[in-house]
1. Nearest 10 degrees, 0 to 90: what angle lies between the long axis of helix 159-206 and the longest principal axis of the chain (Cα atoms)?
2. In the Gaussian network model of the chain, springs joining C-alpha atoms below 10 Å, which of Ala86, Ala163, Ala193 carries the largest mean-square fluctuation?
3. What label, among (1) 19.9; (2) 10.6; (3) 14.1, belongs to mean projected area of the Cα convex hull in nm² computed from the structure on display?
4. Want the number for Leu12 to Glu132: 0.36 nm per residue separation, take away the alpha-carbon distance, what's left?
5. Quick one: dipole size for the chain, taken about the Cα centre, charges +1 on Lys/Arg Cβ and -1 on Asp/Glu Cβ, in debye to the nearest 20.
6. Could you work out the relative contact order of the stretch 2-138? I mean the mean sequence separation of Cα pairs under 8 Å and 6+ apart, divided by the number of residues, in percent.
7. For Leu206, Leu20, what ranking results if the residue with the fewest other Cβ atoms within 10 Å of its Cβ goes first?
8. Run the quick spin-label model on Ile120 and Ala190: label points 7 Å from Cα toward the beta carbon, then report their separation in nm to one decimal.
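Quick note: the coordinates plus some simple rules give every number you see, no bench work behind them. No experiment lies behind these values; they were computed from the predicted model shown. Cβ: placed from backbone, ideal geometry, glycine included. Neighbour counts: every protein chain shown.
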Amino acid sequence: MLTALNIRDFILIDRAQLTLTHGLAALTGETGAGKSILLDALGLAVGGRATRSGVRQGASQGVVAATFEVDGDHPVWRLLDENGLAGEDGAGEDGQIILRRVQNADGRSRGFVNDQPVSISMLRDVGEALLEIHGQHDGRGFLSASAHRGMLDEFGGLQKKAAKISSLWRAWREAQSALEERRREQDAAAREAEYLRHVYDVLQKLGPQ
């Protein structure tokens, strides 16, 4: 669940910190009070589109961080583990995942998961696994094909088996990459040997004294 949202220099917000607890939370206020800005900030933190107007006027960059408390059997840990982001124990500290987005005034931005730099697409994948933001014209997470496998594994209680298969798959890919590298080295050595034999034959024909 989302437990905290920290915002700095985003649109009209100088500094803001929102802390959430278990249960239903509701944000209310008049039009223009800033409810949509909070949702936009949350969307940016989980990999949403960044625009130049997202940085508060006069600031060089804006920062948004969303903190989640996540159960140990949540499918997101497998995603993090597959990409080397889950930590040594396969889970973050206290089951906590922090998604952070730093946006420059020129529109460029960087993403972080638990302070590890990641691509924006990876930040978005992790964000989609943790959060769904529903709006009038937004699709729902269960309609996303990328989420179907995790849902099926969770429904069937197959998370541990899926994690084991994922680990074996990574080991196989690493072994395959190592084998391909050895083959490239072998081919290079064969070409070098062929070249040296050619040079030797030429020198033998020339018969240098």
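1. 30
2. Residue with maximal mean-square fluctuation among Ala86, Ala163, Ala193: Ala193.
3. (1)
4. Working: separation 120, 0.36 × 120 = 43.20 nm, distance 2.42 nm.
Stretched fully, the Leu12-Glu132 segment lengthens by 40.8 nm.
5. Numbers: 25 positive and 29 negative charges, 119 e Å.
With only Lys, Arg, Asp and Glu charged at Cβ, the dipole is about 580 debye.
6. Working: 228 pairs, mean separation 35.0, N = 137.
Once divided by the residue count of the stretch 2-138, the mean separation gives 26 percent.
7. Details: Leu206 8, Leu20 14.
Ranking Leu206, Leu20 by Cβ neighbours within 10 Å, fewest first, gives Leu206, Leu20.
8. 4.5
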